[in-house]
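The values are calculated or read from the model by the stated rules, or taken from the named source; none is laboratory data. All of these numbers come straight from a predicted model, not from anything done at the bench. Here the Cβ positions follow ideal geometry from the backbone for every residue, glycine too, while neighbour counts run over all protein chains shown. With ligands, DNA and RNA removed, areas are computed over all heavy atoms of the protein, side chains included. Shrake-Rupley method; radii C 1.70, N 1.55, O 1.52, S 1.80 Å.
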Amino acid sequence: MTTTIKKFQVTFDCADPERVARFWCEVLGYEPPTPPQGFDTWDEYNATLPPGERGAWFACSDPSGAGPRLYFQRVPEGKVVKNRVHLDVRVGTGLVGDERLATLTAERDRLLALGATCVQVLVADEENESCIVMQDIEGNEFCLD
């Protein structure tokens, strides 16, 4: 039996889809979609929707087409517990020791300026290389790896 590779998107539940999507655009180098045909801006498009549907979703995509699309949908409830799935942002691939930690720390500092939160810095030990546990602007966990 042959399995075919399937494209997928990662969906985030959140309170402010456009704000969270634009944060992730900055983190990953992704791009937001262009507004629907006939509209110059997303604000212009949203103004045509019923109040409850305005800003209900937003998305962003890898401009190279290699990575998954990220989709953000507004939900009424806030985040309560730890994510069961999280993204690992691979900024230290191939690096080890102090060089890896310095690269991760520099990216952490860049993301802090965007509104992320640093949860924990895990320094390399005998088994694992360093990584940094972070939260996005709505508290969704991710790792700098």
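With the simple model of a label 7 Å out from the Cα in the direction of the Cβ, Trp57 to Val123 spans 4.6 nm. Ordering Met1, Ala66, Leu111 by the projection of their Cα atoms onto the charge dipole of the chain, which places +1 on the Cβ of Lys and Arg and -1 on the Cβ of Asp and Glu, puts Met1 at the extreme positive end. Measuring with a 1.4 Å probe in the full set of protein chains, what accessible area per residue, in whole Å², belongs to the chain? Here the per-residue accessible area is 64 Å². The aspartates and glutamates within cross-link reach of Lys79, meaning a Cα-to-Cα straight distance under 15 Å and a gap of 8 or more places when in the same chain, are Asp13, Asp16, Asp136, Glu138, Glu141. Using r as the Cβ-Cβ distance of Arg84 and Arg110, and R0 as 22 Å, what FRET efficiency do you calculate, to the nearest 0.05? E between Arg84 and Arg110, to the nearest 0.05, is 0.25. Of the peptides 108-117, 78-87, 60-69, 133-142, the order by per-residue mean of other Cβ atoms within 10 Å, starting with the highest, comes out as 133-142, 108-117, 60-69, 78-87. Sorting 34-42, 12-20 by their mean Cβ neighbour count within 10 Å, with the most densely packed peptide first, gives 12-20, 34-42. Once both axes come from the Cα atoms, what is the angle between helix 97-113 and the longest principal axis of the chain, in degrees from 0 to 90, rounded to 10? For 97-113 against the chain, the angle is about 30 degrees. Note on the chain: helix-only mean residue ellipticity at 222 nm, from DSSP H runs of 4+ residues weighted -39500 (n - 2.57) and normalised by residue number, equals -7000 deg cm²/dmol. Taking amide H atoms as placed 1.01 Å from N in the peptide plane, the amide H of Thr11 lies under 5 Å from those of Tyr71, each 5 or more residues away in sequence or on another chain.
Semi-axes of the equivalent ellipsoid of the range 1-86 are 24, 19, 13 Å, computed as sqrt(5λ) over the eigenvalues of the C-alpha gyration tensor in descending order. Around the Cα centre of the range 59-115, unit charges on the Cβ atoms of Lys, Arg, Asp and Glu (plus for the first two, minus for the last two) sum to a dipole of about 300 debye.
The C-alpha atoms of the chain define a longest principal axis, and helix 17-28 lies at about 40 degrees to it.
Taking the accessible area of the range 23-66, probe 1.4 Å, and keeping the other protein chains in place, the carbon and sulfur fraction comes to 51%.
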